[in-house]
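Novice: Structure in structure tokens, see below.
The values are calculated or read from the model by the stated rules, or taken from the named source; none is laboratory data. In this text, all values refer to a predicted model and were calculated from it rather than measured experimentally. For neighbour counting, all protein chains shown are included, and Cβ atoms are generated from backbone atoms with ideal geometry for every residue, glycine included. SASA here: full protein model, heavy atoms, side chains in, ligands and nucleic acids out. Shrake-Rupley method; radii C 1.70, N 1.55, O 1.52, S 1.80 Å.
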Amino acid sequence: MIECRLREFLEQKGTISYCQAGFRRHKSTMEQVMKLTQTLRDGFHRRQPILAVLVDFKAAYDNVWHKRLLHKFKKHGAPGKLLNWVQNFLSQRNIRCRFLNATFPWKQLRQGMPQGSVLSCILFHTMINDLGTAIQKVSGVSCLFAA
């Protein structure tokens, strides 16, 4: 239910850039691959150089800064209850590691998204949305990405 409301809010506000495809309704990462393939073919036939930059964010979900993410939600006009819910969802997260017979003490996470949560994808989309927006402002450059 929260995921649906959060996604609806972000889609209605146009907060998520159209160039983001992963984990979105009616958007397929396969479509992104086809667009890139067509761009490469067109450039080849026109004998024009094509530059493609492929980035894999290492431990991307683990490095999301909570305060910045919440600031982005606030900037986009998230209702108070939704903003509070996201803040509570991200706060007071604790982890610990067990290895063989050793158990390490609990540690509070101050950044990062919960692994395996359906909300992590949409929250990450919000976090990196500025990247797509900035790239789109450069003349002659298109942006395709999936998170």
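Novice: Can you tell me which of 29-40, 82-93 comes out highest on packing, and rank the rest after it, using the mean Cβ neighbours within 10 Å?
Specialist: 82-93, 29-40
Novice: Identify, among Phe89, Thr133, Leu123, the residue whose Cα sits farthest towards the positive end of the charge dipole of the chain, taking +1 on the Cβ of Lys and Arg and -1 on the Cβ of Asp and Glu, with the dipole about the Cα centre.
Specialist: Phe89
Novice: Counting only C-alpha contacts under 8 Å and six or more residues apart, can you give the relative contact order of segment 52-147 as a whole percent?
Specialist: Taking the mean separation of contacting Cα pairs over the length of segment 52-147, I get 29 percent.
Novice: Subtracting the Cα-Cα distance from 0.36 nm times the residue separation, let me have the gained length for Ser28 to Glu3 in nm, one decimal.
Specialist: That pair, Ser28 and Glu3, stretches by 7.1 nm at full extension.
Novice: While we're here: For the chain, give the magnitude of the charge dipole about the Cα centre (Cβ charges: +1 Lys/Arg, -1 Asp/Glu; no others), in debye to the nearest 20.
Specialist: Here the chain has a charge dipole of around 340 debye.
Novice: What do you reckon, how do Asp56, Asp62 stack up by accessible area (1.4 Å probe), largest on top?
Specialist: Largest accessible area first, the list is Asp56, Asp62.
Novice: Going by amide H atoms built from the backbone, whose H comes under 5 Å of the H on Leu109, apart from near neighbours?
Specialist: Arg93, Asn94, Ile95
Novice: Please enumerate, by chain and number, the lysines with C-alpha under 16 Å from the C-alpha of Lys35, excluding those fewer than 8 residues away in the same chain.
Specialist: Lys27
Novice: R0 = 22 Å: FRET efficiency of Leu100 with Lys58, Cβ-based, nearest 0.05?
Specialist: FRET efficiency, Leu100 to Lys58: 0.25.
Novice: With a 1.4 Å probe and all protein chains left in place, how much accessible area per residue does the chain have, in Å²?
Specialist: Per residue, the chain has an accessible area of 73 Å².
Novice: May I pose another question? Where in segment 115-135 does the label zone of Glu11 land, with the point 7 angstrom along Cα→C-beta and an amide N cut-off under 14 Å?
Specialist: Counting only backbone N, you get 122.
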